[in-house]
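Engineer: I am attaching a structure below and will ask some questions about it afterwards.
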Amino acid sequence: MNTQHGDDTSHRLAWAKRAVHDLNAGHEAHGSLGEALDTTGDLRAENAHRRAEAVRAAAMGLPPGACALAAGISERMLTVWQDTDPHFNAAMAGAHALAHAHGLTDPTAPTSPFALRLLLRAVQGGTGILAAAQQLGIPRHRLQNLRARPQVAALVSAAQSIARKPAPRRSKPYAYRLVRTSPSDGPPTAPRKP
């Protein structure tokens, strides 16, 4: 009987590692598609994508911290974007209203797969599970219920194991990326610190 349980657990962990890998591959595919379309390094296109991800998170009923996480920016940057871009601010307000109208902001609403994806991304990035849940607006008791599910526990373990792997050593202390601020600028000319 223990062998069966052990096989079940190892099968679940292997499944979870593949699932987390697939989530990462989807994220990396976005970069590859940008390369294919020659939009890599285009700051305007990158920011448009980030704004769309923030609006998507808002439409799923997630709080501002989760919207920022979905966009890959800080919550402070999200606030700056909302304060300086009235169209983006209106889109975020509309998305929150949509989520509210459909009951997605109800504290008793179940956690969505999108929220679980963001939780795994945060944990994989090195954020503690409790801090990640708080950023996503997931109460502690709901997090405990989620982690009681064997598949969710395996996904969290897989994300944590990736977070514990040491980062590859860089030969230089800083990494730079080249960006274009508009299509008419031509090729990037000056390095920009991330």
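The values are calculated or read from the model by the stated rules, or taken from the named source; none is laboratory data. None of the values given here were measured: they were computed from a predicted structure. Neighbour counts run over all protein chains shown; Cβ positions are idealised from the backbone, glycine included. Just so you know, the surface numbers come from the protein's heavy atoms only, side chains and all, with ligands and any DNA or RNA stripped out. Shrake-Rupley method; radii C 1.70, N 1.55, O 1.52, S 1.80 Å.
Engineer: Residue-wise, which Karplus ³J(HN,Hα) couplings in Hz belong to segment 111-120, taking 6.51 cos²θ - 1.76 cosθ + 1.60, θ = phi - 60°, and x for glycine or proline?
Structural biologist: 5, 7, x, 5, 5, 5, 4, 5, 4, 5
Engineer: Each residue of segment 23-38 in turn: what ³J(HN,Hα) in whole Hz from Karplus with 6.51, -1.76, 1.60 and θ = phi - 60°, glycine and Pro shown as x?
Structural biologist: Along segment 23-38, the couplings run 4, 5, 5, x, 5, 5, 4, 4, x, 5, 5, x, 5, 4, 8, 6 Hz.
Engineer: What does the charge count around residue 111 come to, taking other residues whose C-beta lies under 14 Å from its C-beta (Lys +1, Arg +1, Asp -1, Glu -1)? Don't jump to the answer; show the numbers that get you there.
Structural biologist: Values: positive: 117, 140, 142, 147, 149; negative: 106.
In short, +4.
Engineer: Which order do the peptides 110-120, 38-48, 61-71 come out in when sorted by mean C-beta neighbours inside 10 angstrom, highest first? Display every interim value, and only then the final one.
Structural biologist: Details: 110-120: 17.9, 38-48: 15.5, 61-71: 23.2.
The packing order, highest mean first, is 61-71, 110-120, 38-48.
Engineer: With the other protein chains left in place, how much accessible area per residue, in square angstrom, belongs to segment 1-149 at a 1.4 angstrom probe?
Structural biologist: Result: 61 Å² of accessible area for each residue.
Engineer: Also, I was wondering about something else. May I ask for the distance between the Cα centers of segment 64-84 and segment 141-159, given as a whole number of Å?
Structural biologist: For segment 64-84 versus segment 141-159, the Cα centre distance is 26 Å.
Engineer: Here's another thing I want to ask about it. Check which residues have an amide H placed less than 5 Å from residue 42's amide H, if you skip close sequence neighbours.
Structural biologist: Close amide H contacts, sequence-distant or interchain: 180.
Engineer: Express the Stokes-Einstein translational diffusion coefficient of segment 11-52 in µm² s⁻¹, to the nearest whole number, given a Kirkwood radius over alpha-carbon pairs, 4 °C and a viscosity of 1.567 mPa s. Present the calculation step by step, with values, prior to reporting the outcome.
Structural biologist: Numbers: Rh = 11.7 Å.
This corresponds to a translational diffusion coefficient of 110 µm²/s.
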